[in-house]
Structures are given as C-alpha cells and as structure tokens.
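The values are calculated or read from the model by the stated rules, or taken from the named source; none is laboratory data. Just so it is clear, the model here is predicted, and its values are computed rather than measured. Here the Cβ is made from the backbone with ideal geometry for all residues, glycine too, and neighbour counts use every protein chain on show. Side chains are part of the model used for accessible areas, which takes the heavy atoms of the whole protein and leaves out ligands, DNA and RNA. Shrake-Rupley method; radii C 1.70, N 1.55, O 1.52, S 1.80 Å.
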Amino acid sequence: MKLSPKISQKVAWIAMWIAGVIVFLVLIGLVGFVFLRGIPTLSPGFLSKPITEGGILPAIIGTIYLVLLTLAIAVPLGLGAAIYLAEYAPKGKLTSVVRYGIETLAGVPSIVFGLFGMALFVIVLIGTQSILAGALTMACLVLPTMIRTSEEAIKAVPAAQREASLALGATKWQTITRVVFPAALPGIITAVILCVGRAIEETACLYATLGLSLLTPTSIFHGARTLSLHLYMLATEMPGDRGALVAQAMGTAVILICMVMLINFLAHHLSSRYMSRIRGTGSCEF
Amino acid sequence: MSFEITTKDLDVFYGEKQALKKVNLCVNEHQITALMGPSGCGKSTLLRSLNRMNDNIAGVRVEGQVLLGGRDVYAPEVDAVEIRQRVGMVFQQPNPLPKSIFENIAFGPKVLGMKNKTALEEIAEKSLRAAALWDEVKDELKKSALALSGGQQQRLCIARALAIQPEVILMDEPCSALDPFSTLKIEELMQVLKKRYTIVIVTHNMQQAARVSDWTGFFLMGKLIEYDETAEVFSRPKDKRTENYITGRFG
Amino acid sequence: MPRESLEQHLRELQDEVLVLGSMVEKAISRSMRALKERDLELAKQVIADDEKINQKRLDIEEGCIEFIVTQQPVATDLRIIVAILNIIVDLERIGDHAEGTAHIAVMIGDEPPLKPLIDLPRMAEKTNDMLRRSLDAFINRDAKAAVKISAEDDEVDDLYNQVSRELITFMLEDPRTIGRATRLIWVAHNLERSADRVTNICERVVFVTTGKMEEIKTSRY
C-alpha cells in the first residue's frame, strides 16, 4: 500500500514525536527516580564525613584530583596532536594510519585501558595504585575523544580566516595561536567537557589503577576512589546493610548528576558568552 | 615606466594539472592592473603566486620567476612571510577576523612585533581613513568587525591590508560579494589608493575591469592571451579570443 | 549563438544606416536632375525631403544610445556603434549638400542656361557611386575596398578643378555670367564636399575593421 505524501509525513511526524516523548520520559524517570531516592540521604554530614563514617568527602576530593590531573595530561597532549593532525600532518599513509589508530583507540573497551594501565603505570612505572596511575590511564582513555573533537573544531575554522592572517604576514604558528585557536576555542571547550564527563563517569579503567582507597588522598601518589567508583563499590558490596548502602549510593548518584549538570552549564555559559563576543553582539575587549 | 612586479615564464602546477603556462606579465607601479578571464583560466592562481599564497596549497609547484622590485619572490633565501608583508591581499569574500575592528587593523602590525598602543591606534586611524571607513566606525572601534555590513567589512579588510604598509595590494574579486553601491565605493577607493600603492585586481566583471583599471590582462586556459592598456583591450582587442570573451560571444 | 539580442539590435541599426544612405543617394541624384532638367517641383521635393533625412539620422542616434545603454558594447561592437554615430553625421551632411544643390536649382529657376551640364552630373554620379560602395564596404567590413574608394576622391577633385576652371573662364569672358557661374561653382563645391564626406565614411570602415583610427586621405580642399 502506498501512502500519500501528506499522510506519510503525518505518520513520520507522529512516530518521531512518540520517540521524543519516550526518550524524555525515560530521562525524567531516571533522574527523578535517583533524585527521589537519593535526596533524603543528602546532609551536611554525607558530604563532609569520611567514607568509613558513611560520607563521601574522600570520593569528591578523589574525583576532583583525578579529573584535574587527567586534564593536565590529556589536554596539552590531545591539543598538540590535534593541531599537528589538522595543520601540519602531510596527507600520506603514515598520517592516515595514525588517524585510524586514534579511531580504533576510541572504540577500545575501558577495561582494556585499565589492564594496560595496571600493567604499565601501576606495576612498571609507579609501583602502586595511585591517582597518578589512574589519571595516566584515564588520559589514555580520553585522548582519542580529545584529539578528534579538537581536530574537528580546528578544521572547522574557515580557510578564509587563515588566509586573512597569512596574507597579513603572520607566520603559520602565529596564525594558529592568534586566529585558529581562538576561533576553535568553543569546540575545544566541548572536547574538554567530554573528557571531564568521561573521567567522572568511568569506573572500569580505574578499578585496577586508582585503587579503592577509603582515605582522603593527600598526594597524587596515593590511591583514591572517585564518586563513580564509590557508587560502584556501594552497589556491589555484598555484606552489610543493603538498604543503607543503596541509600548512600543514591545520594552519591545525585551528587554525581549535579556535578555533571553544573559542569555542562558552566561550559555552555562560557562558550556562548565567548561566541557572542566574537560574533558581534556587544563590545569586545580582548 | 618602472615595473613593480614582473613574472618571467611563470609556470604553476597543482599536482599534475598545469594552471599557468609561461606567463610573462609586467605590472606597472602606481597603476591598477586587472586580470580577467573565464573561471579556471589561471587569473587567481597568478594573483596568489605574486605573494606566495599558493605555498599553502598542497602539491603546488612553481617554475619561472616572480620579480618584486627586481628580486625573485621564489628565490630560496626569500621568506614567504616577508613577501606577504610587502604584498597585501584582499579576498573575494570579506574575511574580517572574529575580533574587534581595532584588533583587525592591529593584527598585522602586532604580528610584526609592534606593541605600543598609541602607535597602533595611530595606524588604525590612518588605515581606516585611507580605506574611507574612519567616519563610519570611529566611535565603535571596539565593536566586533563581524557586525559591519559587507561593504564595510571589505573596506576594513582593505584598511587591514594597508596597516602593514605594503607596496602592492592584490585584490581577488573584491566586489563580487557586494551590492552595487558598495562596489562603487571600493572602486572609487582604488582610484585614490593607486596614487600610493600598486594594485592588481582579479575580476569577473568586465565593466569593472574597464572602469577601474589602467592595464588589463586576459587569461585563457593558463595562458596570458592579451595584455595591454585597458582602453585598447576594450576598444580594439588584438586577439580574437579576447574579443569573443569581452563581447560575450565566448564559447 | 550567445548574445542573440545584441546581434539583432546591431543588425537593425546597420540596416537603418543603409536606409539613410539610400535616402541620401536619392537626394543627390534628384537634386542633380532638378538642376539639369530645371525641374523646380523636384527641387522643392528634395528640400522638403531633407527633413526626413535629418529625422532618420536622429532616430538612428537614439537607437545607438539605446544600444550602448542596454548592451554596453566593447571591442568590435563598440567600434561599430561609434562608426555608425559618425557615419550618420556624414550622411546627414551629404544630404544637406544635396539640399543646397536643390536650393541653387530653385535660385537659378528659369535663367538661361550657361552651358549644358555634363561634368556636374558626372561628379554627382561618381559621388553617389562612392557613397553606395562605401556603405557596402561598411556592411562587409571591407577595409581594402574602403581605402580604394577613398583614393577615388581624386577623380571627384579633378572634376571639381575642371568645372571651376571652365566656369572661371566663362566669368572672365563675360562678366554677366558671374552670377550663374558662381552658383554652379557652389554646386560643384557641394559635390566635392560630399565626396570628402564619403572618405570620412571610409575611414570609419577601416576603424571598424582594423581598430586603426587615422585619416586615410587628406583632401586637397
């Protein structure tokens, strides 16, 4: 049976509307469930007490440590690689092999990264499960995302702007730092946010590299646990009071979701303010 | 008559494809030279080989010479960056950088190492005046350049090119994205600028070539078919192919 | 064929020039016949018709302006249109000379003839012949023919010399003929000038064809 264009359009519209509604409901249901179950657990003590006393402070600090250190490693490396690939790499076999490698790396399961991190960073280089080992492993995990997203952002800068700069006697490097990088910045921020999100949410690669220390970390050579890892441990710990553990897990999840939302909001706010400055609404002072 | 730019047997290849074939062209100082021809005839390639903008395209190969004031632009010891400081360029689409009007003008001097704010402000005013844009933007130099109209943006790009004090200004179809009024403004501006600069313009618009230029070159399939004073080319072209092109009987 | 409308417009303008040319030719031959056959009516007709020639010239000029405005001609098209603008002025002026001859025919009226008119009609014929061929050369873009036609102006000049010498002899022999002889000299002069105008047309033909703008031949008068 053939539908008339008018009817098929209507059917398609309704189908997509239903899909949209379902996704929205799932999201609301999920977040709502977590919030309903988790918010009662929240208290000043929950945020400030050590894990042994039912708090999550060490996990919050561990998360911050891990994220910052991961970024400190992955952003310069990833950005450098992205700039090289987008601006300098000759179009050739080697470059396409490198690019293919990066693509593949992005698809490797994170547990494999965990094994690799344990074998190289924990056993060979550092000798113990630690924030550094975890961050190095995490950096390996997020690098493909960082590189690919930044490279796309850099490539998206119009050739006309590069030409404008080169035609004014700027060197290639000046063009990259003064024209291409500022223009690609919103995209690069997006890349960083994706990495932050990944670092916050990931557990598998940290299990064997970061350790599961219950203590508040004081150095990058100490083990720690992140919120996600803590959540995982709470949810899978068999002995003990199941009800209390699940309640704690839900509380942790609320904090986790709030953190992610806050970071996304900040990033969006920053990059839209930056865009409006360069797009000509309002004055710009830079 | 002294020649600012002379090309000698200039060949340009993009990979296997030869875009320019043995082009010999003499651009006169303080005059406007127009290059015209159908799409893909090599006129833009020629323009972009004059300030080595072609260097950035992968697989490009240049043979022959481009003499700028007697010195070969493609000599091994010559730095393309230095050439581009002497030969400014204005593009087809106005391409202001996503920065303020002031920062657009200051960009060139800044990459050359100038830091003094007062000096930069002086250059900005001088360049904007020279590009006939000062009166329109003097109170909003901090505004984003992207907020300007197309015609204003193009004049900003001209001002920006002037700020590095070049000897030659190359214009690659500078008016093709502009309305007729903005086009006329830029054409008027060119007449003023040629007193101090040598201008080479690529244009699809034959009336424009006839209106603004002193010399006109006609390109076809990578070859310079005819090069003469503009009035000659448009009243009595010597080559039948030029005649066919300018009278619209091309192809 | 690209630019069909331009070609069409240009053809029409050139056809109009030929029409004007034949009007002028007619004016020359009729004015000469009026003089020779003392046909006052015909002479008056020529004088009246000159108005039509003038009007035709203005119409063509309008057409050229319209062509320039709408087609923005360059190269050969431009040269053709410039040539037309010049040729129509020459044609109109030749027409005025013919009108002048017709006026003289009226002035002479029924005065006794000085002598049978032989050389003057020959001059008129030659001029007409040159005029017709020069316009053919224009249409055919035949620069060679144009140069040749220009050279033939010498024949008209020779006839003019001959006629004036003869008429001056008349005047010297019998002062009573001075009035009549002078009028005939004017006629000869009109024709000589007309032939010069034809050489102008020939110059335009050379300009259209080769782009060279130069005086082919300087008249001796």
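Data for the structure
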quantity: Some residue of segment C:92-102 being buried (at least 21 other Cβ atoms within 10 Å of the Cβ) and within 14 Å of chain B (Cβ to nearest Cβ); calculated: no
quantity: Pairs with Cβ under 8 Å, 6+ apart, first in segment B:133-152 and within 12 Å of chain A (Cβ to nearest Cβ), second hydroxyl-bearing (S, T, Y) and open to solvent by 40 Å² or more (accessible area, probe 1.4 Å); calculated: B:E140/A:S283; B:K142/A:S283; B:K143/A:S283; B:S144/A:T281; B:S144/A:S283; B:A147/A:T281
quantity: Selection count, segment A:188-202, where residues are over 14 Å from A:V67 (Cβ atoms) and either crowded, with 19+ Cβ neighbours inside 10 Å or hydrophobic (A, V, I, L, M, F, W, C) (or both); calculated: 3
quantity: Residue among A:A160, A:A167 that is under 21 Å from B:R52 (Cβ atoms), open to solvent by 20 Å² or more (accessible area, probe 1.4 Å), at the interface with chain B (Cβ under 8 Å from one of its Cβ atoms) and touching a Phe, Trp or Tyr at 6+ places or on another chain (Cβ under 8 Å); calculated: A:A160
quantity: Selection from segment A:111-143 of residues that are surrounded by fewer than 20 Cβ atoms within 10 Å (Cβ to Cβ) and part of a helix (DSSP H, G or I); calculated: A:I111, A:V112, A:L115, A:F116, A:M118, A:A119, A:L120, A:I123, A:V124, A:L125, A:I126
quantity: Selected residue (only one of B:A161, B:A58, B:A80 is small (G, A, S), within 15 Å of the chain's Cα centre (by Cα) and facing chain A (nearest Cβ under 10 Å)); calculated: B:A161
quantity: Tally, over segment A:1-58, of residues that are open to solvent by 100 Å² or more (accessible area, probe 1.4 Å), assigned to a helix (DSSP H, G or I) and over 30 Å from A:V246 (Cα atoms); calculated: 7
quantity: Matching residues, segment B:95-109, being of a type outside the set (F, W, Y) and at the interface with chain A (Cβ under 8 Å from one of its Cβ atoms); calculated: B:N95, B:P96, B:L97, B:P98, B:K99, B:S100, B:E103, B:G108
quantity: Members of segment B:195-251 that are at the interface with chain C (Cβ under 8 Å from one of its Cβ atoms), open to solvent by less than 40 Å² (accessible area, probe 1.4 Å), out of contact with any strand residue (DSSP E or B) (no Cβ under 7 Å at 6 or more places or on another chain) and in a helix (DSSP H, G or I); calculated: B:F234, B:S235, B:E243, B:I246
quantity: Selection within segment C:26-48 - open to solvent by 30 Å² or more (accessible area, probe 1.4 Å) and in a helix (DSSP H, G or I); calculated: C:K26, C:S29, C:R30, C:R33, C:K36, C:L40, C:E41, C:K44, C:Q45, C:I47, C:A48
quantity: Failed item in (1) under 14 Å from C:R30 (Cβ atoms); (2) surrounded by fewer than 16 Cβ atoms within 10 Å (Cβ to Cβ), with C:A105 passing the rest; calculated: (2)
quantity: A:A183 open to solvent by less than 40 Å² (accessible area, probe 1.4 Å) and away from chain B (no Cβ under 14 Å); calculated: no
